[in-house]
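The values are calculated or read from the model by the stated rules, or taken from the named source; none is laboratory data. Everything numeric in this text was worked out from a predicted model, so none of it was measured. Note: ideal-geometry Cβ built from the backbone for every residue, glycine included; neighbour counts use all protein chains shown. Note: areas computed on protein heavy atoms with side chains; ligands, DNA, RNA excluded. Shrake-Rupley method; radii C 1.70, N 1.55, O 1.52, S 1.80 Å.
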Amino acid sequence: MAQILTFLGKGGVGRTTIAIAAAKRLAGQERRVLFATQDPGPAVGLLLGTVLEADPQSLEANLDVVQLQATTLLERSWEEVKKLEAQYLRTPFFKEVYGQELGVLPGMDSALALNAIREYDASDRYDVIVFDGAGDQTTLRAIGTPEIASWYLRRFRQVFANSDLGKTLVPLLQPIAATVLNVSWTGDLFDQPATQQMNSVLEQGRAALADPNRVVAYLVTTVDEGAIVTAKYLWGAAQQAGLTVAGVLLNQSQDTSVLADQFQPLPINVVPTQPANDWQPLVDALPDFNQAAQAPRPIAVNVAERKVSLFLPGFDRKQVKLTQYGPELTIEAGDQRRNVLLPPELRGRSVASAKFQDGFLIISF
């Protein structure tokens, strides 16, 4: 399994340049690195000095590069869907639809890129994957997909099972399923082999996202006020998505005083302007990416003290809303919403108090 590293920030602050430098730095440490960009244009290839392709190609020692091309990924993913259909259905009906016919709908590109990263991670070919995505809410929602999708499956499974519709349909579906499926029917619509396989993938994604040694982000900004407030907002939004942010990279300036108070307790690294055709000064200025585990975690659960703490920097108390639904907490902050499934020891307990202090929402039971 690889470490997945990405960068967040407003457009134009130099995220892609820094991502390339990070990939070069890690490759120089004898780690097998894949630089994967979601940018469909030729600009990233110009920075790298090569024409990017839809399959990884070697750029230099220990460093491969790839362009995550949505149409190619869609064709490949569709073939996998057809294989699954053939595995589980006696008479597949997607076999006459070809990937070359399909168009990319809004949102598909992020989901396809995330799946490609998952596959490269599972290949065991790389120690580090540097993901050059959009660096905004789109990237955060893509990275947070395993947790969100797991919630939908968990929530609607229970809703369906308890409904009159579910109680009526399940007995009717059993004989039909036995006729059309290649696998046995358990009686639970959400506990079939295909669903179990998907749940396994989602759980692996959730576990990776919760581990800063596996998935981590860095904020990139300049001294421009718009860039700073965007970075600060993305910091809080990343925490809501469950993504650990390990530091701030200040580009095109030496004055860290404008950031120190706003991004505590994150370390701030100054990144110099890249000289023409010389990556080394930029590479040398980057932080130690192995220190990410020391960053504030998005969520901490203390069963002994009956407390759940969420780190929500960039938001104030008026922007945070807390709701409890049975064994789950729903936390809204800005444009982000997160559902937290309580551990067994805290389920059945109601929230006794909640306070917002120094960027932390501390919930007691």
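Look at the alpha carbon pairs under 8 Å that are at least 6 residues apart: their mean separation over the length of the range 1-60 gives a relative contact order of 21 percent. Count charges around Ala54 for me, please; just the other residues with Cβ under 12 Å from its Cβ, Lys/Arg as +1, Asp/Glu as -1. Net charge around Ala54: -2.
Coupling constants for the range 299-309 follow from the phi torsions by the Karplus curve (6.51 cos²θ - 1.76 cosθ + 1.60, θ = phi - 60°), and in residue order they are 8, 9, 10, 10, 5, 4, 8, 6, 9, 10, 10 Hz; glycine and proline get x. 3J(HN,Hα) couplings calculated from phi for the range 60-77 with the Karplus curve 6.51 cos²θ - 1.76 cosθ + 1.60 (θ = phi - 60°) are, in sequence order, 7, 4, 6, 10, 9, 10, 8, 9, 7, 8, 4, 5, 5, 5, 5, 4, 5, 5 Hz; Gly and Pro show x. The label-point distance for Thr330 and Glu30, in a model that sets each label 7 Å from Cα toward Cβ, rounds to 5.2 nm.
In a shell of Cβ-Cβ distance under 12 Å around Thr222, excluding Thr222 itself, what net charge do Lys and Arg (+1) and Asp and Glu (-1) give?
Neighbour charge sum, excluding Thr222 itself: -1.
When the residues Thr244, Thr256 are ordered by accessible surface, computed with a 1.4 Å probe over the protein chains alone, the sequence from largest down reads Thr256, Thr244. Contact order for the range 277-365, expressed relative to its length and based on alpha carbon pairs under 8 Å spaced 6+ residues apart, stands at 25 percent.
Net charge within 12 Å of Lys10 by Cβ-Cβ distance, Lys/Arg positive one each and Asp/Glu negative one each, not counting Lys10 itself?
-1
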